[in-house]
Amino acid sequence: MTKILITGGCGYIGSHTAIELLSNPEIEVISVDNLINSSAQTADRVGQIAGRNMKNYQVDVCDKEALSEVFEENPGIEGVIHFAALKAVGESVEQPLRYYQNNLLSLINILDCCEKYEVKNFIFSSSCTVYGEIDQLPVTEQTPTKEAASPYGNTKLVGERIIKDFIAISENVNAIALRYFNPVGAHDSGLNGEDPINKPNNLVPVITRTASGMIPQLTVFGGDYATRDGSCVRDYIHVVDIAEAHVKALEYLMEGKNEDRYEYINLGSGNGVTVLEAIQAFEKVAGLELNYVVGDRRPGDVGAIYSDSSLAKEKLGWEARRGIEEMMASAWKWQMNLNEGVAV
Ligand code: NAD
Ligand code: UFG
């Protein structure tokens with residue numbers, strides 16, 4: 001069995017990746033999650049969908065001793081995917097030290113364990129936020145990174161740098177930073193998806209909750225951007241596509257296909273979709289009209305950002321397969337299952 005440790009395995013992207021990893025009977029998945037933004041039920045959902053369980057430790061990655069014990073108990077871990085982080089941009093502005101402490105200390109601890117326990121392959125959840133204010137589209141991996149707009153964004157920028165400095169002296173580890181664009185959607189089964197514990201700020205959970213009546217009305221943040229319909233353009237990517245990319249990135253490292261010991265790869269669909277187009281796609285697949293108004297811009301939003309995804313295709317043989325309607329249909333199926341108590 002190939003042992004893969006994932007941090008944040010009960011989170012949104014981690015749980016979908018666990019399902020994909022578990023579909024390979026040769027892989028054992030060990031998750032470390034302190035459930036600060038998720039619930040233990042997610043581990044059960046993963047097991048139900050995958051047909052076998054991941055081993056989940058309720059441990060804080062910032063607790064070095066407890067983390068080391070997980071490595072001691074599971075010798076021979078071959079790869080680590082580090083998802084665990086706090087991720088709310090607005091909250092990070094209000095609680096910067098908490099964000100730096102959680103996101104950076106957890107990264108330092110997991111890298112330390114990778115070195116000590118001779119884990120050769122490491123994948124980091126980064127974000128297109130590292131590109132900051134964009135001058136040129138689409139965004140390639142050569143696009144320079146810019147000063148971060150929030151403490152959260154800075155934890156990704158600094159996190160990438162910490163890994164670079166670490167890889168330069170590491171005896172064992174090779175790494176990839178995967179820079180996600182906008183992950184959305186849910187598992188095709190409708191049994192796993194995003195279920196924010198706190199008030200959702202991201203577009204797709206706001207759409208599905210508005211459609212469910214949990215939020216009275218959606219506000220489109222800005223109708224005066226220099227885009228085809230005035231609303232912001234983003235590169236939405238189906239969470240299952242993202243999960244598949246992690247499996248391919250791990251294989252790529254494990255098969256020694258990387259040219260550099262540390263590489264950066266964008267994970268996006270390569271397509272820009274406006275907020276109004278996303279709403280229309282939802283209305284089409286859900287067969288209902290969404291209650292929305294076009295309001296003021298949200299501070300800190302960039303008008304348009306989407307990826308050049310050719311490097312992921314070239315290096316990993318990966319490209320996004322699911323379009324915006326599939327993303328919306330799966331998110332809606334998941335929301336309805338939550339509403340009806342089919343999923344908990
Ligand atoms: P999520 O909050 O659903 O999952 C993160 C998981 O990590 C949660 O289950 C949480 O309980 C756990 N966690 C946080 N701190 C921890 C700690 N110190 N010890 C143990 N567990 C801890 O978030 P997600 O959307 O699945 O994001 C996963 C990763 O991808 C994060 O690093 C995030 O910054 C990054 N990312 C997400 C997006 C997005 O839009 N979802 C975009 C770009 C990058
Ligand atoms: N939007 C609305 N109304 C809403 C919510 C969102 O119009 O109620 C719009 C936003 O203005 C934006 C688009 O929908 O144009 C997408 O917004 P999200 O909040 O879903 O995503 P962002 O692109 O703002 O943020 C994402 C990640 C962050 C990351 C950031 C980097 O969620 O973690 O990209 O660009 F930092």
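Of note:
- For beta carbons closer than 8 Å, sequence separation of 6+ or different chains, a first residue in the range 55-83 that is part of a strand (DSSP E or B) and a second that is at pLDDT 95 or above and among the acidic types (Asp, Glu), the qualifying pairs are Lys55/Glu28; Asn56/Asp33; Tyr57/Asp33.
- Only one entry of Glu91, Glu118, Glu72, Glu78 meets the criterion of being open to solvent by 10 Å² or more (accessible area, probe 1.4 Å) and either hydrophobic (A, V, I, L, M, F, W, C) or within 16 Å of ligand 2 (Cβ to nearest atom) (or both), and that entry is Glu91.
Matching residues to (1) away from ligand 2 (no atom under 16 Å from the Cβ); (2) in contact (Cβ under 8 Å) with a residue 60 or more places away in the chain:
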{"position": "Cys10", "(1), (2)": "yes, no"}
{"position": "Ser15", "(1), (2)": "yes, yes"}
{"position": "Glu28", "(1), (2)": "yes, no"}
{"position": "Asn37", "(1), (2)": "no, yes"}
{"position": "Ile49", "(1), (2)": "yes, yes"}
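- Count of residues meeting criterion [within 13 Å of ligand 2 (Cβ to nearest atom) and either in a loop (DSSP other than H, G, I, E, B) or open to solvent by 40 Å² or more (accessible area, probe 1.4 Å) (or both)] in the range 158-181: 1
- Some residue of the range 94-104 being within 28 Å of Thr2 (Cα to Cα) and surrounded by 18 or more Cβ atoms within 10 Å (Cβ to Cβ): yes
- Restricting the first member to the range 305-326 and to residues that are crowded, with 19+ Cβ neighbours inside 10 Å and part of a helix (DSSP H, G or I), and the second to residues that are modelled with pLDDT of 95 or more and among the hydrophobic types (A, V, I, L, M, F, W, C), the beta-carbon pairs closer than 6 Å and six or more apart or on different chains are Ala312/Ile265; Ala312/Trp318; Leu316/Ala249; Ile324/Val273; Ile324/Ala281.
- Unique residue being buried (at least 19 other Cβ atoms within 10 Å of the Cβ), more than 19 Å from the chain's Cα centre (by Cα) and within 22 Å of Pro216 (Cβ to Cβ) when the list is Ala331, Ala286: Ala286
- Condition check for Gln136: assigned to a loop (DSSP other than H, G, I, E, B), within 16 Å of ligand 2 (Cβ to nearest atom) and either on the phi > 0 side of the Ramachandran plot or not aromatic (Phe, Trp, Tyr) (or both): yes
- The single condition from (1) within 18 Å of Ser125 (Cβ to Cβ); (2) in contact (Cβ under 8 Å) with a residue 40 or more places away in the chain; (3) assigned to a helix (DSSP H, G or I) that Val93 fails is (1).
- In the range 265-293, the residues that are out of contact with any helix residue (DSSP H, G or I) (no Cβ under 8 Å at 6 or more places or on another chain) and in a strand (DSSP E or B): Thr274, Val293
- Condition met for Leu203 (in contact with a strand residue (DSSP E or B) (Cβ under 8 Å, 6 or more places away or on another chain), within 11 Å of ligand 1 (Cβ to nearest atom), open to solvent by 10 Å² or more (accessible area, probe 1.4 Å) and among the aliphatic types (A, V, I, L, M)): yes
- Inside the range 54-69, residues that are over 14 Å from Ile110 (Cβ atoms), surrounded by 16 or more Cβ atoms within 10 Å (Cβ to Cβ) and of a type outside the set (D, E, K, R) make up a count of 2.
- The range 144-157 - residue that is open to solvent by less than 30 Å² (accessible area, probe 1.4 Å) and part of a loop (DSSP other than H, G, I, E, B) and, of those, farthest from ligand 2 (Cβ to nearest atom): Ala148
- Condition check for Asp296: out of contact with any Pro (no Cβ under 7 Å at 6 or more places or on another chain) and open to solvent by 20 Å² or more (accessible area, probe 1.4 Å): yes
The values are calculated or read from the model by the stated rules, or taken from the named source; none is laboratory data. Not measured: the values here are computed from a predicted model. Every residue, glycine among them, receives a Cβ derived from its backbone with ideal geometry; neighbour counts consider all protein chains shown. Note: accessible area is taken over every heavy atom of the protein model, side chains too, but ligands, DNA and RNA are not part of it. Shrake-Rupley method; radii C 1.70, N 1.55, O 1.52, S 1.80 Å.
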